[in-house]
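The next block holds one structure in the form of structure tokens; read it before the comments.
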Amino acid sequence: DAGVTQSPTHLIKTRGQHVTLRCSPISGHKSVSWYQQVLGQGPQFIFQYYEKEERGRGNFPDRFSARQFPNYSSELNVNALLLGDSALYLCASSVDGVGEQYFGPGTRLTVT
Amino acid sequence: GENVEQHPSTLSVQEGDSAVIKCTYSDSASNYFPWYKQELGKGPQLIIDIRSNVGEKKDQRIAVTLNKTAKHFSLHITETQPEDSAVYFCAASRSGQAGTALIFGKGTTLSVSS
């Protein structure tokens with residue numbers, strides 16, 4: 001079975017631009033969570049979605065937004081990029097958002 | 001909110017030795033404690049987890065223990081091998097509560113030398 005997939009794998013953007021990251025969960029999983037991992041730190045929670053509804057939001061500015069589609073895939077959008085947004089963005093898949101979470105390989109975003 | 005402290009930040013062992021990584025948490029309502037292994041250039045991989053109704057769980061060479069009273073949990077790896085070298089993260093959450101985030105420690109870089 002395919003695991004969590006994310007695209008693109010790497011991305012370079014300029015300050016002020018916006019970016020869209022994509023995630024497809026494990027087949028049968030209906031919940032997706034997004035995390036930001038800065039180099040040398042543990043992942044930090046950004047959003048959780050279940051059945052297309054936002055269930056949880058971490059301490060991130062409104063420049064960050066997300067949505068989940070009927071096929072349970074998800075997009076993370078970041079507007080007005082800052083240098084500090086450079087990080088590995090991870091998507092985690094779970095059956096219902098309250099059990100085990102399985103991570104994808106991440107998207108490495110570099111903002112210059 | 002929840003805060004997870006993880007020690008040590010780096011750990012070097014010889015192949016065949018045991019490795020122990022310790023975490024403490026602050027939220028007494030946390031009841032789910034997973035451990036992840038992250039290799040260079042990859043996403044975190046769930047290796048073992050424990051829930052608050054259990055004190056210990058084993059899976060081959062790895063085991064996790066939980067002390068709810070002291071609010072700490074530990075990862076034990078026995079008979080370490082070079083392929084165990086990676087960054088290990090502990091995490092805590094209130095499993096069963098919708099929208100609950102995993103709160104991660106800062107990670108332990110384990111190096112196993114042969």
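The values are calculated or read from the model by the stated rules, or taken from the named source; none is laboratory data. Just so it is clear, the structure is predicted and the values come from calculations on it, not from any experiment. FYI the Cβ positions are ideal-geometry reconstructions off the backbone, even for glycines, and counts take in every protein chain you see. These accessible areas exclude ligands, DNA and RNA; they are computed on the full protein's heavy atoms, side chains included. Shrake-Rupley method; radii C 1.70, N 1.55, O 1.52, S 1.80 Å.
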- Note on the structure: Per DSSP, the loop-located GluC sites (Glu not before Pro) within region B:34-114 having at most 16 other beta carbons within 10 Å are B:Glu39, B:Glu79
- Tell me which lysines have Cα within less than 20 Å of B:Lys106's Cα, excluding those fewer than 8 residues away on the same chain? B:Lys22, B:Lys37, B:Lys42, B:Lys71
- Task: Mind listing, in residue-number order, the residues in region B:11-53 that have at least 50 Å² less accessible area with every protein chain present than in their own chain alone (1.4 Å probe)?
- Result: B:Pro44
- Item | Neighbourhood charge, 13 Å Cβ-Cβ cut-off, centred on B:Thr80 and excluding it, Lys, Arg +1 and Asp, Glu -1 | -3
- Averaged per residue, what accessible surface does chain A expose to a 1.4 Å probe, in Å²? 48 Å²
- Query: For all pairs of alpha-carbon atoms in the protein assembly as shown, what percent lies in each bin of width 5 Å, listed from the first bin to the last filled one?
  - Reply: 1, 7, 15, 18, 19, 17, 12, 7, 3, 1, 0
- Message: Just want the answer: with Cβ charges of +1 for Lys and Arg and -1 for Asp and Glu, which residue in A:Tyr72, A:Asn59, B:Ser26 is farthest toward the dipole's positive end in the protein assembly as shown?
- Response: A:Asn59
- Message: Defining a contact as two alpha carbons under 8 Å apart and six or more residues distant in sequence, what relative contact order in percent does region B:1-76 show?
- Response: 28 percent
- Item | Spin-label model distance (nm) - A:Asn79 vs B:Lys71, 7 Å beyond Cα toward Cβ | 3.8 nm
- Message: Order A:Ser7, A:Ser33, B:Ser12 by their accessible area, 1.4 angstrom probe, all chains in place, largest first.
- Response: B:Ser12, A:Ser7, A:Ser33
- Message: Which log10 I(q)/I(0) values does region B:67-110 give at q = 0.24 Å⁻¹ under the Debye formula, counting every alpha carbon as one identical point scatterer?
- Response: -0.97
- Query: In whole Å and largest first, what semi-axes does the C-alpha gyration tensor of chain B yield when each eigenvalue is scaled by 5 and square-rooted?
  - Reply: 24, 14, 12
- Task: Let me know the whole percent of all Cα-Cα pairs from region A:2-65 that are separated by more than 13 Å.
- Result: 72 percent
- What net charge do the residues around B:Arg94 carry, taking every other residue with its C-beta under 9 Å from that of B:Arg94, with Lys and Arg at +1 and Asp and Glu at -1? -2
- Item | Rg ratio (alpha-carbon, reference 2.2 N^0.38 Å) - chain A | 0.99
- Query: List for region A:24-41: residues with 40 Å² or greater reduction in accessible area, all protein chains versus chain alone, probe 1.4 Å?
  - Reply: A:Gln41
- Between B and A, accessible area buried - total, square angstrom, nearest 100, 1.4 angstrom probe: 1500 Å²
